[in-house]
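Asks: My structure is below; once you've seen it, I'll send some questions.
The values are calculated or read from the model by the stated rules, or taken from the named source; none is laboratory data. All of these numbers come straight from a predicted model, not from anything done at the bench. Cβ sites come from the backbone with ideal geometry, for glycine too, and all protein chains shown count toward neighbours. Accessible surface areas use protein heavy atoms only, side chains included; no ligands, DNA or RNA. Shrake-Rupley method; radii C 1.70, N 1.55, O 1.52, S 1.80 Å.
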Amino acid sequence: MLLHLSTWIEVEAYLENSTGIIMPIGSTEQHGPTGLIGTDAICAEAIAKGVGEEIKAMVGPTINVGMALHHTGFPGTISLRPSTMILLIKDYVTCLAKAGFTKLFFINGHGGNIATMKAAFAETYAHLADLNIKNHEQVKCQIANWFMCGSVYKLAKELYGDREGSHATPSEVAVTQFVYPEAIKQGQLAEEVGKGHPIYGAVDFRKHYPDGRMGSNPALATPEHGKQFYDLAVKELSNGYLEFLNAE
């Protein structure tokens, strides 16, 4: 069930049987010369829908914009500040908790979101306690990074080796090619690609990663690979969600 395609009556009925919900979250940021700007959100949304269909779980609206300030040196990137993102997540969770949801499983597509999300969860728990919302102590949030699934990581290494890199990777580009085959991009990629530099601000990032890639070769991606990554992530995260939902 997709929350935005449901009525409040359907959501109320769902809550009689489950208080869990899957929340896709990604980013709107550059992904090199051939990667879609919406890659992180596209991957998270598609995989979250797949998990929801697999185990009949409610799936919330995708949070498309995340914490990507270091990518703002490239046109098209939209980013929240960490402080803004904390407030956004806190408001999302608070509304869902008031409705009766207690287990929120965030399927994440962007590594830059992780630290801010963890901080947001801590602030949210305190906020819910201060409001004394019913069952606030039962509200729990978990991050599930699809790209860190063991099966996904293993396949990426088998297919691409060191050319997987860490941003604008062939694995994530492959998933977008599977989801949106009509939007596959072609382009020349330089043989030399930046890698190994620490991440600071946007100007420094573009200086060391001039075309936006981080050690990756997305030219290796194919829609067929994307289907494999999608299937593996859906299977592993379906199991992860059920474990989270049933944990004490």
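Asks: Name the single residue that is farthest from Gly35 (Cα to Cα) among those in the stretch 124-180 being small (Gly, Ala, Ser) and buried (at least 18 other Cβ atoms within 10 Å of the Cβ). Let's see the steps before the verdict.
Replies: Narrowing the stretch 124-180 to residues small (Gly, Ala, Ser): 126, 129, 144, 150-151, 156, 161, 165-166, 168, 171, 174.
Within this subset, residues satisfying the condition of being buried (at least 18 other Cβ atoms within 10 Å of the Cβ) are 144, 156, 165, 168, 171, 174.
Details: Ala144: 22, Ala156: 17, Gly165: 14, Ala168: 6, Ser171: 11, Ala174: 9 Å.
Looking at the filtered set, the residue picked out is Ala144.
Asks: Continuing with the same structure: Which residue is farthest from Glu172 (Cα to Cα), if the candidates are limited to the stretch 89-123 and must be in contact with a strand residue (DSSP E or B) (Cβ under 8 Å, 6 or more places away or on another chain) and open to solvent by 50 Å² or more (accessible area, probe 1.4 Å)?
Replies: Going through the qualifying residues, I end up with Tyr92.
Asks: So which residues in the stretch 191-248 are among the hydrophobic types (A, V, I, L, M, F, W, C), within 30 Å of Glu137 (Cβ to Cβ) and in contact with a strand residue (DSSP E or B) (Cβ under 7 Å, 6 or more places away or on another chain), if there are any at all?
Replies: Leu237, Phe244, Leu245
Asks: Could you list all residues from the stretch 1-28 that are hydrophobic (A, V, I, L, M, F, W, C) and either at pLDDT below 95 or within 26 Å of Glu137 (Cβ to Cβ) (or both)?
Replies: Matches in the stretch 1-28: Met1, Leu3, Trp8, Val11, Ala13, Leu15, Ile21, Ile22, Met23, Ile25.
Asks: Let me ask something else. How about the stretch 199-248: which of its residues are polar (S, T, N, Q) and in a helix (DSSP H, G or I)? Can you show your working first?
Replies: Of the residues in the stretch 199-248, the ones polar (S, T, N, Q) are 216-217, 222, 228, 238-239, 246.
Answer for the stretch 199-248, where residues must be polar (S, T, N, Q) and in a helix (DSSP H, G or I): Gln228, Ser238, Asn239, Asn246.
Asks: Of the residues in the stretch 66-85, how many are buried (at least 21 other Cβ atoms within 10 Å of the Cβ) and more than 18 Å from Ile199 (Cα to Cα)?
Replies: 1
Asks: I'd like the full set of residues that are open to solvent by 70 Å² or more (accessible area, probe 1.4 Å), in contact with a helix residue (DSSP H, G or I) (Cβ under 8 Å, 6 or more places away or on another chain) and touching a residue at least 60 places away in the same chain (Cβ under 8 Å), limited to the stretch 181-209.
Replies: Just the residues of the stretch 181-209 that are open to solvent by 70 Å² or more (accessible area, probe 1.4 Å), to begin with: 181-182, 185-186, 188, 191-192, 195-200, 203, 206-207.
Among the residues that remain, those that are also in contact with a helix residue (DSSP H, G or I) (Cβ under 8 Å, 6 or more places away or on another chain) are: 181, 197, 199-200.
Of everything in the stretch 181-209, those that are open to solvent by 70 Å² or more (accessible area, probe 1.4 Å), in contact with a helix residue (DSSP H, G or I) (Cβ under 8 Å, 6 or more places away or on another chain) and touching a residue at least 60 places away in the same chain (Cβ under 8 Å) turn out to be Ile199, Tyr200.
Asks: Do you know which residues across the stretch 141-171 are touching a residue at least 60 places away in the same chain (Cβ under 8 Å) and not in a helix (DSSP H, G or I)?
Replies: Gln142, Ala144, Cys149, His167, Ala168
Asks: Here are Gly66, Gly76, Gly112: which of them is touching a residue at least 24 places away in the same chain (Cβ under 8 Å), outside any helix (DSSP H, G or I) and out of contact with any helix residue (DSSP H, G or I) (no Cβ under 6 Å at 6 or more places or on another chain)?
Replies: Result: Gly76 is the single residue among Gly66, Gly76, Gly112 that is touching a residue at least 24 places away in the same chain (Cβ under 8 Å), outside any helix (DSSP H, G or I) and out of contact with any helix residue (DSSP H, G or I) (no Cβ under 6 Å at 6 or more places or on another chain).
Asks: Does Ala174 satisfy being under 27 Å from Phe121 (Cα atoms), in a helix (DSSP H, G or I), of a type in the set (A, V, I, L, M) and at pLDDT 95 or above?
Replies: No, not satisfied.
Asks: With the checklist (1) touching a His at 6+ places or on another chain (Cβ under 9 Å); (2) closer than 19 Å to Gln30 by Cα; (3) of a type in the set (Gly, Ala, Ser) in hand, flag the one item Gly73 doesn't pass.
Replies: If we test Gly73 against (1) touching a His at 6+ places or on another chain (Cβ under 9 Å); (2) closer than 19 Å to Gln30 by Cα; (3) of a type in the set (Gly, Ala, Ser), just (1) comes out false.
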